[in-house]
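These notes concern the structure reproduced below.
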Number of protein chains: 2
Amino acid sequence: MINVEKTKEEIIEIARDIFARFGFKKTTMEEIAKAMRKAKSSLYYYFQSKEEIFQTVLEQEANVLREKIEKAISQEDTPQGKLRAYVLTRMRGLKQLANFYSALKDEYLENYKFIEKFRKKYDEEEVKTISKILKEGVDRGIFDIKDLEMTTIAILIALKGFESWVFQGNTKWTEKDIDNLLDVLFHGIVKK
Amino acid sequence: MINVEKTKEEIIEIARDIFARFGFKKTTMEEIAKAMRKAKSSLYYYFQSKEEIFQTVLEQEANVLREKIEKAISQEDTPQGKLRAYVLTRMRGLKQLANFYSALKDEYLENYKFIEKFRKKYDEEEVKTISKILKEGVDRGIFDIKDLEMTTIAILIALKGFESWVFQGNTKWTEKDIDNLLDVLFHGIVKK
DNA sequence: TTATCGACCAAAAAACTAAATTGGTCGAAA
DNA sequence: TTTCGACCAATTTAGTTTTTTGGTCGATAA
C-alpha cells in the first residue's frame with residue numbers, strides 16, 4: 001500500500017534501462033523481473049501488462065523533456081528567443097534520449113498502436129507549443145504570419161526532418177548551424 | 001546490333017511497370033521475360049543482371065524528372081521563381097512516381113548498396129541544383145544568405161521532410177500551401 | 001491484507017528442415 | 001546475331017517442431 005508506489009517507481013526505473021537497450025519487443029518480463037530480483041509474476045501485481053510498463057516509462061521520459069522545454073521557453077522573453085529555446089532544448093533532449101529514440105525507431109516497422117497513439121499525442125503537444133509561440137509573436141506585432149497553422153506544421157515537419165538527418169549521423173550540427181537556420185526562418189533569404 | 005538498343009528499350013519499358021508494382025525484390029526475371037514473351041535467359045543477352053535492369057530503369061526515370069525540373073527552372077527568371085519552380089516540379093514529379101517511390105521505400109529495410117548509391121548521387125544533384133539557384137540569387141543581389149551550404153542542405157532536408165509527410169498521406173497539400181511556405185523561406189516570419 | 005512466488009497455459013516466436021524459386025550460366029540451335 | 005531450354009548453386013519460402021514469452025491463478029508467507 002505505502003510501498004506500492006515506491007516499488008512501481010523501482011520497476012519503471014529498471015525497466016527504462018532495459019527498454020532503452022533492447023527496445024520494447026526484445027525486452028522480456030523475465031529480464032525485468034530478474035533485474036528486480038523478483039519473480040516474473042510479481043510484476044503483474046504492480047502493472048497489468050508489459051505494455052503498461054513501457055507506456056509508463058515513455059510518459060515519464062516525455063514528462064522530463066516537456067518540463068525541460070517548458071522551463072527553457074519560460075526563461076526567454078522574445079518569441080524569437082522562445083522558438084530558439086524550444087528548438088535547441090528539444091534537440092538536446094532527444095539526443096540524450098538517443099538510445100530510447102532509436103529503440104522506438106527500430107520497432108517502427110511493427111506498428112504497435114499504443115506507440116502510434118503516443119506519438120500522435122506528443123505531436124499534438126508539439127503543435128500546441130509551437131503555435132502558441134508563433135501566436136504570441138503575432139499578437140505582440142513581432143511576427144507576420146499568413147497561415148499560422150500551416151506554418152506551425154511546416155516548422156514541425158522540418159524539425160523532424162533535421163532530427164532524423166542528425167540521428168542518421170549524416171552531418172554533425174553545431175548550435176551555430178541551428179542559429180543560422182533560425183535566422184532564415186526569422187528573416188528569410190531575400191535581401192531587404 | 002541495330003535492334004539491340006530497341007530491345008533494350010522494350011525491356012526496361014516493361015520492367016519499369018513490373019518494378020513499379022512489385023518493387024525490386026519481388027519482381028522476378030521470369031516475370032519480366034514472360035511479359036516480353038521471351039525466355040528468361042534471353043534477358044541476359046541484353047543486360048548483365050537484374051540489378052542492371054533496375055538501375056537503368058531508375059536512371060531513366062530520374063532523367064525524365066531531371067529534364068522536367070531543368071526546363072521548369074529555365075523558364076523562370078527570378079531566383080524566387082526558379083526555386084518555386086524547382087520545388088513544385090519536383091513535388092509533382094515525385095507524386096507521379098509515387099508507385100515507384102513507395103516500392104523503393106518498401107525495400108528500404110534491405111539496404112541494397114546500389115540503391116543507396118543512387119540515392120546519394122541524386123542527393124548530390126539536388127544539392128547542386130538548389131545551391132546554384134541560391135548562389136545566383138546572391139550574386140544578383142537578391143538573396144542574402146549567410147551560410148550557403150548549410151542553407152542548401154536545410155532546404156533539401158525540409159523538402160524531404162515534406163515529401164515523406166505528404167506521401168504518408170498525413171495532409172493534403174495544395175499549391176497554395178507550398179507558396180505560403182516559400183513565402184516564409186523568402187521573407188521570414190519576423191515583421192518588417 | 002499485502003506482497004511474493006512457482007506452476008501452469010495458450011499463443012507467439014524462434015529454430016529447423018524440406019521443397020520450391022530464383023538469378024545466373026552455357027552450349028546448342030535457329 | 002539472337003533465342004532458347006537445360007541446368008546449377010544459392011536463396012526463399014512453406015511447413016513443422018521446439019522454445020520462449022506474456023499473462024493467470026491459487027498457494028503462501030509476512
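The values are calculated or read from the model by the stated rules, or taken from the named source; none is laboratory data. Note that the coordinates shown come from a computational prediction; the quantities given were computed from them, not determined experimentally. Virtual Cβ from ideal backbone geometry, glycine too; neighbours counted across all protein chains shown.
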Inset, instruction - Tell me which residues, restricted to the stretch A:148-192, are at pLDDT below 95, under 29 Å from B:Gly141 (Cα atoms) and not in a helix (DSSP H, G or I). - result: A:Trp173, A:Thr174, A:Ile189, A:Val190, A:Lys191, A:Lys192
Inset, instruction - Kindly establish whether A:Ile145 is of a type outside the set (Gly, Ala, Ser), free of Cβ contacts under 8 Å to residues at least 40 places away in the same chain, closer than 24 Å to B:Leu156 by Cα and not in a loop (DSSP other than H, G, I, E, B). - result: no
Legend entry - Residue match in the stretch B:54-61 (condition: within 16 Å of DNA strand D (Cβ to nearest atom), away from chain A (no Cβ under 14 Å) and surrounded by 14 or more Cβ atoms within 10 Å (Cβ to Cβ)): yes
Legend entry - Which numbered condition B:Glu110 fails, given (1) farther than 21 Å from B:Asp183 by Cβ; (2) surrounded by 17 or more Cβ atoms within 10 Å (Cβ to Cβ); (3) charged (D, E, K, R): (2)
Legend entry - Candidate set: the stretch A:32-52, residues that are more than 6 Å from DNA strand D (Cβ to nearest atom) and among the polar types (S, T, N, Q); chosen: the one nearest to the chain's Cα centre (by Cα): A:Gln48
Legend entry - Subset tally (residues that are more than 9 Å from chain A (Cβ to nearest Cβ) and either in contact with a Ser or Thr (Cβ under 9 Å, 6 or more places away or on another chain) or in contact (Cβ under 8 Å) with a residue 24 or more places away in the chain (or both)) for the stretch B:174-192: 4
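Let's see how each residue does on (1) among the small types (Gly, Ala, Ser); (2) at pLDDT 95 or above; (3) closer than 24 Å to B:Ile115 by Cα:
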site	(1), (2), (3)
B:Val4	no, no, no
B:Lys8	no, yes, yes
B:Ile11	no, yes, yes
B:Lys25	no, no, yes
B:Glu30	no, yes, yes
B:Ala33	yes, yes, yes
Legend entry - Some residue of the stretch A:116-137 being out of contact with any strand residue (DSSP E or B) (no Cβ under 9 Å at 6 or more places or on another chain) and facing another protein chain (nearest Cβ under 7 Å): no
Inset, instruction - Would you mind telling me which numbered condition in (1) closer than 20 Å to B:Phe162 by Cβ; (2) touching a residue at least 40 places away in the same chain (Cβ under 8 Å); (3) not hydrophobic (A, V, I, L, M, F, W, C) A:Glu107 fails? - result: (1)
Inset, instruction - Within the stretch B:110-142, track down each residue that is farther than 29 Å from A:Asp106 by Cα, of a type in the set (Ser, Thr, Tyr) and assigned to a loop (DSSP other than H, G, I, E, B). - result: none
Inset, instruction - Looking for whichever is surrounded by 14 or more Cβ atoms within 10 Å (Cβ to Cβ), without any contact (Cβ under 8 Å) to a residue 40 or more places away in the chain and away from DNA strand C (no atom under 11 Å from the Cβ) here; the options are A:Leu83, A:Leu65, A:Leu43. Which one fits? - result: A:Leu65
Inset, instruction - Run A:Ala33 past the list (1) free of Cβ contacts under 8 Å to residues at least 24 places away in the same chain; (2) crowded, with 18+ Cβ neighbours inside 10 Å; (3) away from DNA strand C (no atom under 14 Å from the Cβ) and report the number of the one that doesn't hold. - result: (3)
